[in-house]
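Inspection log for the structure reproduced underneath, given as structure tokens.
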Amino acid sequence: MLTAIILIPLLGALLVAFAPERLTKLLTATITLATLAVAIVAAFRFNWAYAGNVGFAQSYPLIDQLGVTLSVGADSVSLLLILLTAVLGPLCVFGSFTAITTRVKNYYAWLLVLQAAVTGVFAAQDLMLFYVCFEFTLIPLYVLISLYGSTNRRKAATKFFLYTFTGSVIALAGLVYVAYTYYDRNLTWSWSIAELQTAAASMTRTEQTWVMLAMLAGFAVKVPLFPVHTWLPLAHTEAPTAGSVVLAGVLLKLGTYAFYKFILPFTPLAVMQYAPAIAVLAIIGIIYTGLICWAQSDVKKLVAYSSVSHLGFCVLGLFAVNMVGIQGSVLYMINHGLSTGALFFCIGMLYERYHTRSMDEIGGLATKMPVFAFFLVFFTMASVGLPGLNGFVSEFMCLLGAFQSGAAGPGATFGPLGPWFAAVAATGMIVAAMYLLYMVGRVLFGPLREPAGHHAHSILPTDLSFREISVLTPIAALCLVLGVYPTPVLRSLEAPIASVIEHIETANERAITEAAQAMGRTADRLDGAIVLAPINELEPVEVAP
């Protein structure tokens, strides 16, 4: 079924490219809805009781001599992200009906190719398919930004391509080194992610450090993590609405997903050693880009910078290396894709009517566009982290995971962080409330402000149309459901995340034990900590009566 979810939009893109232009929108909508239907069927057929197991596994041998196969499969983490991609697909199509008026066939064909490539990343169970799809996402998004973006679209597209492509090449070097480690041990090549994870466990701490740094070079750009985030605001601002939605909704999640899929299990020793440094970068991104948001007058650029800030929480949760933190991080991948994607939809709908994104030129729209005002306030509250909406659950779990990680006392868990990381990062929630509520206040309330010479749109009504409401309503419903009752999703994440944490704990305990033995000491676990004791020097202990 995963193969079908990848192939339907890919083959559909060819059909759209050669079909008559008058059928383009209908065909693309049908293809994305068909993909969503297959994804929903896959979700119902998936064995959620064993969510840590890989379901729908299929493998197609490609080059036997080099062990190259195209293998797909999904555990609960992968399947939830595939579902997110499938949900956003038709919404991006319907949201583009009036925004795209030139090169229509090219636009929708590349949009379908992008959906297929992103799905391929989440479904990949071998390194070759993952990397090919990971890199191939650059091409359709480059085309969408450079042909259908705003005035600086070519600069934005080029900067996006150069940043992400350069980082990905360095990440490939680290991944290939892991594959060579497998070859060195087994005298045969394999690109299976599961087998490479086993081989990576034999690498020394130094080797893991270099491999982790190489992977960070590629995946941190994709998140993006401070300080390699500078390509994102420009790409978001210049991209067409659907491009921004896909970029925020799923493309940025390729970076955080790669952190979870490769960096945590492949380099457990390096993760525990350098997690505090990576967490510091995430916290700087949370606060620094949040303050930049507060200074913006372009509403789309404000939401673009907010993505960097929000995904800092996601990275912080991942490197807490405990159940609550990683659960919150994966849930944040989904929640950020919904709420921030919806904000970009709202901004696109506003731009179609006013042809400006400047808060200096528009304001007081609540009385003129009450339906638009409702959705903008709703999704802003979801992004702020209002209790009862989806953003609160994931953000709180990421902070709680960081607080418990490596702390002392009740509730403490295995991990490399601690309360101070959570305390400083929590200030980012205050900053987010400041800049997002400031945006809402300027756009919706106060006296009515419209650009000089503004006149009504020839097709669109003053307020949102039925089509636009239909695009935003499903996202709003999902934000509400995930905010009120996230338990089924969180429960489905437990098994795969527990496996990753156990792998990291085991690797670190083994390393500590080996180091202790080299020093002539033993390593014992006491209240969750590793305690060293001398070998063959057991002293009698007096116990007071």
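Data table
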item	result
Lone unmet requirement of (1) surrounded by fewer than 16 Cβ atoms within 10 Å (Cβ to Cβ); (2) of a type in the set (A, V, I, L, M, F, W, C); (3) modelled with pLDDT of 90 or more for Ala220	(1)
Ala42 vs. criteria at pLDDT below 90, closer than 27 Å to Thr256 by Cα and of a type in the set (Gly, Ala, Ser)	no
Neighbours by Cβ (under 7 Å, 6+ apart or cross-chain): first from segment 164-182, more than 14 Å from Asp126 (Cα to Cα); second modelled with pLDDT under 90 and of a type in the set (S, T, N, Q)	Thr181/Ser202
Qualifying residue in segment 464-482 (condition: within 30 Å of Phe414 (Cβ to Cβ), among the charged types (D, E, K, R), at pLDDT 70 or above and in a helix (DSSP H, G or I))	no
Considering residues of segment 135-168 that are outside any helix (DSSP H, G or I) and of a type in the set (Ser, Thr, Tyr) only, the residue farthest from His355 (Cα to Cα)	Thr137
Neighbours by Cβ (under 9 Å, 6+ apart or cross-chain): first from segment 139-156, within 19 Å of Leu112 (Cβ to Cβ) and free of Cβ contacts under 8 Å to residues at least 40 places away in the same chain; second among the polar types (S, T, N, Q) and assigned to a helix (DSSP H, G or I)	Pro140/Gln115; Tyr142/Thr158; Val143/Asn106; Ser146/Thr158
Helices (runs of 4 or more DSSP H) completely within segment 278-391 that count 3 or more residues being over 20 Å from Leu437 (Cβ atoms) and of a type outside the set (Ser, Thr, Tyr)	299-318, 323-354
Residue check for Ala235: in contact (Cβ under 8 Å) with a residue 40 or more places away in the chain, closer than 27 Å to Leu83 by Cα and in contact with a Cys (Cβ under 7 Å, 6 or more places away or on another chain)	no
Residue match in segment 398-419 (condition: among the hydroxyl-bearing types (Ser, Thr, Tyr), at pLDDT below 95 and more than 23 Å from Ala270 (Cβ to Cβ))	no
Members of segment 79-100 that are closer than 15 Å to Ser470 by Cβ and in a helix (DSSP H, G or I)	Val87, Leu88, Gly89, Pro90, Leu91, Cys92, Val93, Phe94
Matching option when the condition is surrounded by 24 or more Cβ atoms within 10 Å (Cβ to Cβ), touching a residue at least 60 places away in the same chain (Cβ under 8 Å) and in contact with a Cys (Cβ under 6 Å, 6 or more places away or on another chain), among Leu316, Leu331, Leu311	Leu316
Flag for Leu2 being touching a residue at least 60 places away in the same chain (Cβ under 8 Å), in contact with a Phe, Trp or Tyr (Cβ under 9 Å, 6 or more places away or on another chain), surrounded by fewer than 17 Cβ atoms within 10 Å (Cβ to Cβ) and not polar (S, T, N, Q)	no
Residues of segment 108-121 that turn out to be buried (at least 24 other Cβ atoms within 10 Å of the Cβ) and under 12 Å from Tyr148 (Cβ atoms), as a count	2
Among the residues listed as Leu232, Leu162, Leu225, Leu175, the single one being hydrophobic (A, V, I, L, M, F, W, C), under 23 Å from Leu111 (Cα atoms) and surrounded by 21 or more Cβ atoms within 10 Å (Cβ to Cβ)	Leu232
Output for segment 420-439, where each listed residue is in contact with a Ser or Thr (Cβ under 9 Å, 6 or more places away or on another chain) and either at pLDDT below 90 or surrounded by fewer than 17 Cβ atoms within 10 Å (Cβ to Cβ) (or both)	Leu437
Breaking point among (1) more than 30 Å from Leu338 (Cα to Cα); (2) in contact with a Ser or Thr (Cβ under 7 Å, 6 or more places away or on another chain); (3) not hydroxyl-bearing (Ser, Thr, Tyr), for Asn186	(2)
Residue satisfying condition, being assigned to a helix (DSSP H, G or I) and either at pLDDT below 95 or touching a His at 6+ places or on another chain (Cβ under 8 Å) (or both), within set Asn536, Asn508	Asn508
Of residues in segment 52-78 being modelled with pLDDT under 85 and in a helix (DSSP H, G or I), the one surrounded by the most Cβ atoms within 10 Å (Cβ to Cβ)	Leu66
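Yes/no matrix, rows are residues, columns are (1) buried (at least 24 other Cβ atoms within 10 Å of the Cβ); (2) modelled with pLDDT of 90 or more:
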{"residue": "Gly243", "(1), (2)": "yes, no"}
{"residue": "Ala248", "(1), (2)": "yes, no"}
{"residue": "Pro268", "(1), (2)": "yes, yes"}
{"residue": "Ile278", "(1), (2)": "no, yes"}
{"residue": "Leu281", "(1), (2)": "no, yes"}
{"residue": "Gly285", "(1), (2)": "yes, yes"}
{"residue": "Tyr288", "(1), (2)": "no, yes"}
{"residue": "Ala295", "(1), (2)": "no, no"}
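The values are calculated or read from the model by the stated rules, or taken from the named source; none is laboratory data. Computed from a predicted structure; not experimentally measured. Every residue, glycine among them, receives a Cβ derived from its backbone with ideal geometry; neighbour counts consider all protein chains shown.
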